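Each remark here refers to the structure printed beneath this line.
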Amino acid sequence: MKIDAYRTNIPTEAPDRLGKPAPSVGNRDAKDLATGAATGDAVRLSSDARLMQTAMQNTPQTVSVRQDVVERMRAALANGTVGNDPHALADAILDRLLGAPSQEQS
């Protein structure tokens, strides 16, 4: 294919695979807008997308942070009270997920 930058008769329609001008599928022109002609385009959301949309709409936009708990945990981490036993942490996480009582509660 030769590209000629000085060509004056450049076609405005994009050709289809056979080289013929393809029908226009882009923006509607002013005549279509004035008559209200519908293009037939539609969007359908999957059930997962609808669930995500509902969850996003019902989620608070601001996250509340309990600053007193953050400061208490920073202090506990700094003095070595927490964070020094990864196995105990893993056990506590699994116990909480499985609903088992932790060692502190018994």
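The values are calculated or read from the model by the stated rules, or taken from the named source; none is laboratory data. Because the structure is a prediction, the values reported are computed rather than measured. Heads up, the Cβs are rebuilt from the backbone with ideal geometry, glycines too, and the neighbour counts pull from every protein chain shown.
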_Test for Arg28: is it surrounded by 10 or more Cβ atoms within 10 Å (Cβ to Cβ) and at pLDDT below 70_ = yes
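Report yes if Ala75 is under 33 Å from the mean Cα position of the chain (by Cα), surrounded by 10 or more Cβ atoms within 10 Å (Cβ to Cβ) and modelled with pLDDT of 90 or more, otherwise no.
no
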